[in-house]
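Structure first, then comments.
The values are calculated or read from the model by the stated rules, or taken from the named source; none is laboratory data. The structure presented is a predicted model; accordingly, all values stated were derived computationally and were not measured. Here the Cβ positions follow ideal geometry from the backbone for every residue, glycine too, while neighbour counts run over all protein chains shown.
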Amino acid sequence: MCSAARCLELDLPDTGRWLWSYYASRVPGARTRSAGSTHIKVRDPAGKQRRLIIRNNGHDWDVVDEIFVQQTYPVELGGVRRVLDLGGNIGLAALWFAWRFPNSQICTVEPIPDNVCVLKRNIELNRAPVRLVAGAVGPSDGKARIALSADPRQHSIRTAAAGAENMIEVDMFSVPSLMALMGWREIDLLKIDIEGGERAVLGGRPPWLTKVRCIIGEGHFGAGYGIGACRQDLEPMGFRVEQIEENGGAMVFLARRAD
């Protein structure tokens with residue numbers, strides 16, 4: 001973690017705050033401390049200092065590491081004007097793309113209310129041209145039930161009855177509806193990280209995929225979505241698909257138009 005702090009070029013106070021966001025949830029009294037948040041400064045793709053809000057929940061620090069240290073989404077693409085971010089979390093990927101492609105429109109979609117609150121604050125703090133849609137993404141418009149987890153990276157969409165699980169119901173949007181909302185005919189870059197819902201969105205050869213230039217995202221093995229399943233979905237739609245990395249229970253893939 002200290003090496004990551006150096007890579008982020010955090011000063012000593014921000015290094016302390018970043019480490020505290022991790023350890024605050026792991027010491028006595030964590031239940032109350034983890035409800036708080038921390039401001040840290042990072043450098044964007046152009047080297048400019050930016051300020052972010054992360055929660056003291058033991059997990060948001062990992063998102064900072066993923067986006068700004070590991071640079072999980074290494075997209076080299078010219079002429080990017082429209083970016084659709086599915087699975088916005090607390091907004092760090094959307095901000096990264098907004099800074100990486102400063103002339104683009106960004107739409108980020110996130111269903112979890114706690115995440116949405118922090119995402120909105122990060123957008124406002126950085127005055128970023130990002131449109132937030134509070135809801136889930138799916139194959140069609142409607143409603144989705146989300147099974148909440150103590151680990152904010154493990155929330156998942158469920159179609160079964162709620163039972164004894166901690167469930168919430170949110171609006172669900174299809175990609176064509178999101179495109180219509182933004183006034184887009186095409187998507188230059190689609191990022192997808194929706195905790196196991198990738199096949200529901202990308203599978204079945206939906207016609208809207210022909211309007212997408214490039215896709216980067218995560219496939220979750222627990223949901224049966226590895227690189228083989230990803231290629232079966234996207235290659236018939238004209239994409240070249242490669243696996244960038246594998247990390248625990250997920251893989252990161254990049255799909256570009258073959259033409």
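Below are the figures for this structure:
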{"item": "Test: Ala93 is surrounded by 19 or more Cβ atoms within 10 Å (Cβ to Cβ), out of contact with any helix residue (DSSP H, G or I) (no Cβ under 7 Å at 6 or more places or on another chain) and either at pLDDT 95 or above or within 21 Å of Ala200 (Cβ to Cβ) (or both)", "result": "no"}
{"item": "Failed item in (1) surrounded by fewer than 20 Cβ atoms within 10 Å (Cβ to Cβ); (2) within 13 Å of the chain's Cα centre (by Cα), with Val137 passing the rest", "result": "(1)"}
{"item": "Candidate set: the range 112-125, residues that are touching a residue at least 60 places away in the same chain (Cβ under 8 Å) and not hydrophobic (A, V, I, L, M, F, W, C); chosen: the one surrounded by the most Cβ atoms within 10 Å (Cβ to Cβ)", "result": "Asn122"}
{"item": "Residues that are closer than 12 Å to Ile192 by Cβ and touching a strand residue (DSSP E or B) at 6+ places or on another chain (Cβ under 7 Å), drawn from the range 214-249", "result": "Cys214, Ile215, Ile216, Gly217, Glu218, Gly219, His220, Tyr225, Cys230, Leu234"}
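Each row is one residue, and each column tells you yes or no for (1) surrounded by 15 or more Cβ atoms within 10 Å (Cβ to Cβ); (2) over 25 Å from Gly91 (Cα atoms); (3) acidic (Asp, Glu).
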| position | (1), (2), (3) |
| --- | --- |
| Ile192 | yes, no, no |
| Leu202 | yes, no, no |
| Ile216 | yes, no, no |
| Glu245 | no, no, yes |
| Gly248 | no, no, no |
| Phe253 | yes, no, no |
| Arg256 | yes, no, no |
